[in-house]
1. Measuring from label point to label point, each 7 Å out along Cα→Cβ, what is the ILE284 to LYS296 span in nm?
2. Can you tell me the dipole magnitude for segment 22-76 around its Cα centre, using point charges on the Cβ only (Lys, Arg +1; Asp, Glu -1), in Debye to the nearest 20?
3. Once you sort the root eigenvalues of the Cα gyration tensor of segment 291-347 as a ≥ b ≥ c, which label holds: rounded (a/c under 1.5), prolate (a/b larger than b/c) or oblate (the other case)?
4. Could you tell me which of HIS104, LEU76, THR25 has its Cα farthest along the dipole of segment 22-142 towards the positive end, charges placed at Cβ (Lys, Arg +1; Asp, Glu -1), taken about the Cα centre?
5. Debye sum, Cα scatterers, the chain, no solvent: what log₁₀ I/I(0) at q = 0.07, 0.13, 0.15 1/Å?
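Every number in this text was worked out from the coordinates using simple rules, so none of it is lab data. Every value quoted in this text rests on a predicted model; they were computed, and no experiment measured them. As a convention, Cβ positions derive from the backbone with ideal geometry for all residues, glycine included, and neighbour counts pool all protein chains shown.
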Amino acid sequence: MGTEQTGSKNKLGMVLGSTWGTAGTIPAAGAIEHESMTWGENAEKLTATPLGSGEIGPSDVQRGLTTPGYSGRVILGSNTEALVIPKQFFGAESVVSQASTWAHSLSMNETLNQSFITMAMQVTTQSLVEFVSGVVTKLSFDGKVGDYVRMGFDVLADQLKLTSQTNTYAVLEAATLANSERIVFQADDEFWINGQTSGALSASDRIPITDFSIQYMKDHEMVREAKGSAGNGEPVPSGNPILDWTITVTLARPQDLDKFVQMQAGSEYKARLSITGAIITGSIASKFIWDFPRLKQIVDPKLDMTAPGVNPLTLTFQGLVASSFPTGMISEYPWFGFVNNRATHTL
């Protein structure tokens, strides 16, 4: 039966699988450190209208359809198993060797959901919960200079299993962290931005920022079908548009109203955020890169007068699909890449 266990002792693991409704086995190095995790079945409540019952309140209530899922936040690391989350979201990965390190490239696959996430988490000293298959519906990255870079996520799953799980308590107990590196957003990291049709981004396009927030959305809804087996059917995309993304950055020293003028003019941009971690080998360090081939300001720049000193300027850019790959980029969609010491694909 087990007894209560502290959150720091409860291990959590994830793995990608290729079939909806079939759980994968958490690998030996598949444990994940996390800062928060909320989860549940999210059942609907069924009540009958009590006309003619002689009572003024319900006499029965039942659990209806469930929408299992979980939401969490982790500190970003170059070799954490949590990188299965953006892999599932983006859908396509390539890996290229770089002098005993490997560059991983995650690009948006227009054929969605090429893999599914199995997540298992200990909850007492002898028990665990398992979400068999899931798709990422929301993915975020955020950081401010001098603090950790964090990744947030929402996952929609087929079912919550409390017994007869593929991943046992012992499997999770034996799992270890692949790497303990935690990425910090540093003063020497960079944000580059220029006109969407201008030349390739370079150091001359750098603008200083104090913090950033990247949001990707890919809404899905459950398919409610009788199919001869437990759990919900594979969810289908439901967003309008199916994929949506934004990036928000803050500038400590606004110098003029150019961003306001450009917003009114409908100017478009491309941008790159790059964050470097610890040295892996020689002079090659772990690294994360986010590319945005086409951006446009729709939300007003935020320059509120709230302090007697210099007030910061916050810019939010709406992501758009580019008509072709901009010079120096490899996709018309947002792209995410990282360098680590893991030769294999995330899947």
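1. With each label placed 7 Å out from Cα toward Cβ, I get 4.0 nm.
2. Working: 3 positive and 6 negative charges, 18 e Å.
It works out to roughly 80 debye.
3. Working: a/c = 3.83, a/b = 1.79, b/c = 2.14.
It comes out oblate by the Cα gyration axes.
4. After comparing all options, I get HIS104.
5. Normalising to I(0) and taking log10 leaves -0.35, -1.05, -1.29.
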